[in-house]
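Data block below; observations after.
Computed from the coordinates by the stated procedures, all read-outs in this text should not be read as laboratory data. Owing to the predicted nature of the structure, the values given are computational and were not obtained by experimental measurement. Positions of Cβ are generated from backbone atoms using ideal geometry, with glycine treated the same way; all protein chains shown enter the neighbour counts.
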Amino acid sequence: MIMRLLFSLLFGLTILSCVAENLVEYPLWPEGTPESNGIADNETTDKNGSYRNVTTASIFVSLASPEKNTGVTLVLCPGGGYQHEAFRHEGADFTQWLNENGINAVVLKYRLPNAHHDIPLKDAQRAIRFLRSKADEWHINPLKIGISGFSAGGHLASTAATHFDSGLADDPDAVNHFSCRPDYCILFYPVISMKPEITHKGSRQNLLGDDVTEELACFYSNELQVSQDTPPTLLFLSHDDRTVVPQNSIEFYSALKEKNVPASLHIFPEGGHGWGFRTSFRYHETFKSLILDWLHQQKLIE
């Protein structure tokens, strides 16, 4: 039994090292995280290339080559029900394609909430601030930093897109002086709402815990938090998704439209949930073309 567990761990680490060979890891809180999420178990990876028991936050960065770099940057938030993080097919696998199209790719390894609801958002906000602090050094356009998320990672990304500030000017940490507002948002089959009738129950439980007040559920029901300052958003999902019901994306799109925020919603006829960057997904090439077209429409890339 012990040998089997060791094999699984080593196999998972091998997978992650292969898919992350073009990525450079930077800790988001090099002096230590500002608070604990209460997870005592050691961080591990599994055979699917997912992180489990995550207690520290970092970003894995892959910059586009100088001759292709458009300055556009995308932070990817893997999903996993706020219980694990599908680092490979909802993160690292995207980076080469993004780089080939001149987009700097960043995979966020965020601390799992373990019912400490504010922790993942702090990590996402910190990632955006950190990238703006590195804009000159890394040839990043600080006005073209977006966030993307998948499933529960889509909830995190949409939370970052609806809960932000222009910078904390008096904070002793210079990184926090930068705005944490993303400039655009791309969501894949996202959890959006914490309303019991449409939410993904596991994500809600892992994020908010047992004793959920109406005020807290409202705060993290991002369809209710859209404002005119929410960034332009592109959404993808499948009609036959039984894990996260399409109503999540539909209500978010409706709220964006009501606030006159540029938005586009694509519902594929089939595909279910969790396809990420897997080439077996029937509309793999389609959604890649749609992303590039939308980025052109938003004048993020020329």
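Please go through the range 184-240 and write out the GluC sites (Glu not before Pro) that DSSP classes as loop and that have at most 10 other C-beta atoms within 10 Å. Numbers along the way, then the final one.
Numbers: sites: GLU197, GLU214, GLU215, GLU223; in loops: GLU197.
Sites meeting the loop and neighbour criteria: GLU197.
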| field | Packing-based ranking, highest mean first, of 139-145, 258-264, 111-117 given that Cβ atoms within 10 Å are counted | value | 111-117, 139-145, 258-264
| request: Sum -39500 (n - 2.57) across every DSSP H segment of at least 4 residues in the chain, then divide by the residue count to get the 222 nm mean residue ellipticity, nearest 500. | output: -9500 deg cm²/dmol
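Å³ per residue of the Cα convex hull, for the range 59-167?
85
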| query | Taking only the alpha-carbon positions of the range 208-248 and ignoring solvent, what does the Debye formula give for the base-10 log of I(q)/I(0) at q = 0.17, 0.22, 0.26 Å⁻¹? | reply | -0.70, -0.93, -0.98
| field | Cα-only Debye scattering, the range 42-113: base-10 log of I(q)/I(0) at q = 0.24, 0.26 Å⁻¹ | value | -0.96, -1.06
| query | What does the charge count near THR55 come to, summing +1 for each Lys or Arg and -1 for each Asp or Glu among other residues with Cβ under 10 Å from its Cβ? | reply | -1
| note | Output ordering of 202-212, 95-105 (per-residue mean of other Cβ within 10 Å, highest first) is 95-105, 202-212
| What number, in percent, do you get for the relative contact order of the range 2-297 if the mean sequence gap of Cα pairs under 8 Å and at least 6 apart is divided by its residue count? | 14
| note | Cα extents of the range 128-196 per principal axis, largest first, Å, are 40, 26, 14
| task | Enumerate by residue number the trypsin sites (Lys or Arg not before Pro) in the range 25-75 meeting two conditions: DSSP loop (anything except H, G, I, E, B), and at most 14 other Cβ atoms within 10 Å of the site's Cβ. | result | LYS47, LYS68
| By the gyration tensor of its Cα atoms, with a ≥ b ≥ c the square roots of the eigenvalues, what is the shape of the range 162-270: rounded for a/c under 1.5, prolate for a/b over b/c, or oblate? | oblate
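Give me the percent of DSSP beta bridges within the range 2-297 that run antiparallel, rounded to the nearest 5. Write out the running numbers ahead of the final one.
On the way: 13 of 37 bridges.
Just about 35 percent of them are antiparallel.
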| message | Report the per residue volume, in Å³, of the convex hull enclosing the C-alpha atoms of the chain. | response | 138
